[in-house]
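Worksheet: the structure to be examined is printed underneath.
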Amino acid sequence: IMVADIERAMRRKPRPLSRIRQIIARRLVESKQSIPHFYVTVAADLTALLRLRAELKERGVVYGVNDFILEAVALSLEEYPAVNSVTDGRTISWRGDVDLGVAVSVEAGLVVPVVRAAQLLTLAELRDRVRALVDKARRGKLTPDEMSGGGFTVSNMGMLDVENFSAIINPGEAAILAVASSRPRAVVVDGAVCVRDIMKM
């Protein structure tokens, strides 16, 4: 028996999941078994948005791409309230506000803090609220109330160089938006091939 054999055997020893990972696993299995999932992917041209973001940054106003996505989702859910709804299988109820979940990766797993009444916030207010919640999530300080009651979640893996992915709806919510990375691509615009920044959602 060599040291490598002992190390290999130790790596095979089962380790208990943390409590939060057990909860995440249980909720995701519950979601896939009880919520019908269907997936639609669109490619969005972010070229003009990235240009605007760079111009704002030059003036000292800093926004992440996700800030604009969250604002667009909040406005869209306000415009299409049928998507901002909840069902018990027999009835459907529209929510009064856009309570927007933001998926945050933390050491223990994935948590989803909720921005209440996101449709009432300016872009800057939404950015600041999300930053505060993400900071609390990473410090393990979110309260149960800050992680419940969402109607729709945005899961953004753009920073991980992901071309496309399918997210799992949080139980109790209507839908989830899976946001991938923005990449330069050759596309046809007005009959000519050019390079644009394209992001799949």
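Restricting to segment 50-65, give me the number of residues that are within 28 Å of Val188 (Cβ to Cβ) and touching a residue at least 40 places away in the same chain (Cβ under 8 Å). Steps first, answer last, please.
First pass over segment 50-65, keeping only residues within 28 Å of Val188 (Cβ to Cβ): 50-55, 65.
If we keep only those that are touching a residue at least 40 places away in the same chain (Cβ under 8 Å) as well, we get 50, 65.
Adding up the residues that qualify gives 2.
Got a number for residues in segment 105-138 being under 13 Å from Ala74 (Cβ atoms) and surrounded by fewer than 18 Cβ atoms within 10 Å (Cβ to Cβ)? Let's see the steps before the verdict.
Within segment 105-138, the first condition is being under 13 Å from Ala74 (Cβ atoms), and the residues that meet it are 114-123, 125-127, 129-130.
Keeping just the survivors that are surrounded by fewer than 18 Cβ atoms within 10 Å (Cβ to Cβ) gives 116-117, 120, 122-123, 125.
Number satisfying all stated conditions: 6.
For segment 41-96, give me each residue that is of a type in the set (Asp, Glu) and either open to solvent by less than 60 Å² (accessible area, probe 1.4 Å) or touching a strand residue (DSSP E or B) at 6+ places or on another chain (Cβ under 9 Å) (or both).
Step one: filter segment 41-96 for residues of a type in the set (Asp, Glu), giving 45, 55, 58, 67, 71, 78-79, 88.
Scanning segment 41-96 gives Asp45, Asp67, Glu71.
Here is a yes/no grid of residues against (1) in contact with a helix residue (DSSP H, G or I) (Cβ under 6 Å, 6 or more places away or on another chain); (2) in contact (Cβ under 8 Å) with a residue 12 or more places away in the chain; (3) part of a strand (DSSP E or B); (4) of a type in the set (D, E, K, R):
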residue: Leu142; (1), (2), (3), (4): yes, yes, no, no
residue: Thr153; (1), (2), (3), (4): no, yes, yes, no
residue: Ile169; (1), (2), (3), (4): yes, yes, no, no
residue: Pro184; (1), (2), (3), (4): no, yes, yes, no
residue: Val188; (1), (2), (3), (4): no, no, yes, no
residue: Met199; (1), (2), (3), (4): no, yes, yes, no
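Filter segment 5-40 down to residues that are open to solvent by 90 Å² or more (accessible area, probe 1.4 Å), assigned to a helix (DSSP H, G or I) and among the charged types (D, E, K, R), then give me how many there are.
Result for segment 5-40: 9.
Check segment 14-28 and report whether any residue there is within 24 Å of Ala178 (Cα to Cα) and touching a Ser or Thr at 6+ places or on another chain (Cβ under 9 Å).
Start the filter on segment 14-28 by keeping residues that are within 24 Å of Ala178 (Cα to Cα), which leaves 20-28.
Adding the requirement that they be touching a Ser or Thr at 6+ places or on another chain (Cβ under 9 Å) leaves none.
Checked against the condition, which is being within 24 Å of Ala178 (Cα to Cα) and touching a Ser or Thr at 6+ places or on another chain (Cβ under 9 Å), segment 14-28 yields no hits at all.
The values are calculated or read from the model by the stated rules, or taken from the named source; none is laboratory data. The model shown is predicted, which means the values in this text are computed figures rather than measured ones. Cβ coordinates were reconstructed from backbone atoms using ideal geometry, including for glycine residues, and neighbour counts include every protein chain displayed. Calculation scope for accessible area: heavy atoms of the full protein, side chains included, ligands and nucleic acids excluded. Shrake-Rupley method; radii C 1.70, N 1.55, O 1.52, S 1.80 Å.
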